[in-house]
Structures are given as C-alpha cells and as structure tokens.
Amino acid sequence: MLETRVTKLLGIRYPIFQGGMAWISRAELVAAVSEAGGLGVLATGTLRPTELKDELRKVRAATDKPFAVNVSLVPAHPDADAKTAAIMTELALEEGVRIFTISAGSPGVMTEKLKKRGAIVIHVVPSARLAKKAEAAGVDAVVAEGYEAGGHVGHDEHTSVVLWPSAVRAVKIPVIAAGGIADGAGMAAALAFGAEGVQLGTRFIATAECNAHAVFKQRIVDAPETPTTVYCKSTHPGRALVTPLVDKLVAMEKHGASGEELERLRGRGRSRAGCLDGDLDEGILPCGAAAGLVTRVVTVAEVVRELVEGYSAAKARMP
Ligand SMILES: Cc1cc2nc3c(=O)[nH]c(=O)nc-3n(C[C@H](O)[C@H](O)[C@H](O)COP(=O)(O)O)c2cc1C
C-alpha cells in the first residue's frame, strides 16, 4: 500500500523517517521507530565516540530492522570540533552502519567516501538548488526540509509546500519531505506533492520512547498554533519553542545586534539544557511549527499507526 522507491531502497515497511535529533534521538527512540516499520535515525552530533558505539549496540539489541545514523556536518556537542563529523562517520562505518543521513553542510564532503564504502547516502537540503547539488554529488535520495522544521533551518526560508514540489521537479532521485508533518494528512499532502517518504522530528519528541525531558514533551502538547519562532537568522538560524531566552535573541537581532553578540548569548549547551533538563529559562527547546498539531504524548507505535491510518483517511476524503 505504501511502497515507494524509498521503502524499496531501505527495506522498510513504511516511508516514514524519524529525523535525527541532537541529544534526543537515542537508541530507544530509534529502535522503536524501526520496529514500528519506519526508519529510526540516530543523531551523532551530540554523542562522543564511545557513546556512539554504546547506542549502536543498544539499537541492535532492540531491533534487527534497518536504521540510519545522522551525521551533522556542524556537530552540536559543546566539545565537538571540525573533525568530529568525520570521526563519527568512520566509527559508524566500522560498526557496520549502512544508511546515513547527512545534514548542515555540503554533499561534497562525505558522499564519495560513503558510497565507496557501500553505504546508502541521504542528504538533508533546504532548497531545490541544493537538492540538485546533492544529486550531482551522487547521493541516493534527499530529505527536503522546509522552514517549518524544528532545529537548524535554511537561510532561504523555503516553506514546505513550495519546497517539496520544487525539489521533486529538480531531481530524479527520491525526495523525502520534512518540516511541518505531524499526522497522516500531512503525510498524504507530502506524497501528493511527489515525495516518496516523510521525515518527522517534532511529532516523535512527544513519545514515550524519546529521552527528551517531560517538560519539553508537555510544552509541545500545550503549544498553541504559533508556538515556535526562528532566532539567530543572520548566523545559524534555528526554530525553537518561544521562551524568554529565544524572545530575547529575536529582539536583539531586530535591534541590530551583531552575529557575535547573538552567538555569545546563544552560547553552547543551551539545547542540551532545554531538551534534557527541561530548563525553560536558560535552555533552548528546538521544535517545529508542527507542535501546534500535537495533542498527546503517545508511544512510537501509536504515532506510526496514526500516520498510516490518517494517510488512508486523508486520501479517502479527497473529492
Ligand atoms: C530537537 C531537534 C533536534 C534536531 N537535531 C537535528 C540534527 O542533529 N541533525 C539533523 O539533521 N536534523 C536535526 N533536526 C531536524 C529533524 O531531523 C527533522 O528533519 C525535523 O524535525 C523535521 O521537521 P518537524 O520538526 O517539523 O517534524 C532536529 C530537530 C529537532 C526538533
């Protein structure tokens, strides 16, 4: 029923990815998504090498289904440096990982090395232009991530409804749609635009298996329609729940603060404090606009079931 080039390429039941999420897409969440028939994605940007090994072992102990590793070319861990992404990629290859999603950087950096080692490479892009560049670099598929998404977002501000069909038109390889999807209707919309899969981040935070702090999950459930905003637009734009600190960053930028001043206040480790400690004052809670669609904390299996059933129901509603 839901077979696409993406399900065939990866050997998964449903074309549903849980996007890699710094600090919070750890083994339990990843394994649960893969067990439910989607693709769990382990984020490496905030792990140390020894932690990556442990997490991979935990995923494998919990599921024998395919899963992926996400390498952010701009690692988010406060101790990380420019070499961290290459070290994590090598380690994951040595540990037998064969599906990679690569984000926040040029597809020229990792693709050739990964392809030579027999891996499937999926690059995350914020524009059709970069989707073409990724295709030319030899990736197997792209995740087209619209401005609604949680976490790092593109400078060009391409929203999902325009980005997804533009990316589908621009490339021949499969497109996985991300940014703003939280239910089966969103998934049906993405597939109607020609995407062959969807990637969700925010919806998977509010699940029993995600290690995000309970305060973060509850904030997502309580979020009204416009709960998020983009801050640090002139440096590294990110979408997060509106909190006093994020409000302050937005106001500073509006009043002409320099990139240096913004990044000084943003600091490092704020996402860790927000995601893992539930610190609403000093932390940042990266989150997509789709929080406005999430009303309950449920299990991963329930999210996947709702997506699949909601997709069919949305198709049936079409005139
Ligand atoms: C808390 C959080 C952390 C994220 N960290 C990463 C990351 O480390 N690497 C990455 O490629 N994407 C990251 N993302 C983006 C997600 O993988 C996904 O593409 C995005 O959440 C999809 O949009 P949605 O939030 O509207 O579902 C993050 C998103 C969130 C909400």
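Observations on the model:
- Shape metrics for the stretch 163-319, restricted to C-alpha atoms - Rg then Dmax, Å: 17.3, 53
- A full extension of the chain between residue 254 and residue 115 corresponds to an added length of 45.7 nm, given 0.36 nm per residue minus the alpha carbon distance.
- Relative contact order computed over the stretch 214-289 (Cα-Cα under 8 Å; 6+ residues apart), in percent: 35
- Placing unit charges on the Cβ atoms only, positive for Lys and Arg and negative for Asp and Glu, gives the stretch 214-289 a dipole magnitude near 200 debye about its Cα centre.
- The label-point distance for residue 317 and residue 235, in a model that sets each label 7 Å from Cα toward Cβ, rounds to 4.1 nm.
- Between the stretch 250-319 and the stretch 205-243, the alpha-carbon center distance in angstrom: 3
- Note on the chain: Kirkwood radius taken over Cα pairs, Stokes-Einstein applied at 25 °C and 0.890 mPa s, translational D equal to 127 µm² s⁻¹.
- Nearby aspartates and glutamates by direct alpha-carbon distance to residue 116 (threshold 19 angstrom, same-chain neighbours under 8 apart not counted): 90, 94, 95, 135, 140
- Viscosity 1.002 mPa s, temperature 20 °C, Stokes-Einstein D of the stretch 58-161 from Kirkwood C-alpha radius, µm²/s: 148
- Calculated [θ] (222 nm, deg cm²/dmol) that DSSP helices of n ≥ 4 give over the chain, each run adding -39,500 (n - 2.57): -12000 deg cm²/dmol
- Across 8/65; 8/113; 53/83; 133/233, pairs whose alpha-carbon gap is larger than 20 Å: 8/113; 133/233
- Whole-percent carbon and sulfur share, accessible surface of the stretch 214-289, 1.4 Å: 49
- Placing pseudo-labels 7 Å out from each Cα toward the beta carbon at residue 156 and residue 136 gives an inter-label distance of 1.3 nm.
- Whole-angstrom Cα spans of the stretch 214-289 along principal axes, big to small: 34, 25, 17
- Potential lengthening between residue 106 and residue 268 on full extension [0.36 nm per residue; Cα-Cα distance subtracted]: 56.0 nm
- In this structure the chain gives 42 Å² per residue of accessible area when probed at 1.4 Å with all protein chains present.
- Inter-part distance where the stretch 71-141 and the stretch 34-50 are each reduced to a Cα centre, Å: 14
- Peptides 15-22, 105-112 ordered by average Cβ neighbours within 10 Å, highest first: 15-22, 105-112
The values are calculated or read from the model by the stated rules, or taken from the named source; none is laboratory data. Predicted model only: the values in this text are computed from it and were never measured. Don't worry about glycine lacking a Cβ; one is built from the backbone with ideal geometry, like all the others, and counts go over all protein chains shown. Surface accessibility is based on the protein's heavy atoms, side chains included, excluding ligands, DNA and RNA. Shrake-Rupley method; radii C 1.70, N 1.55, O 1.52, S 1.80 Å.
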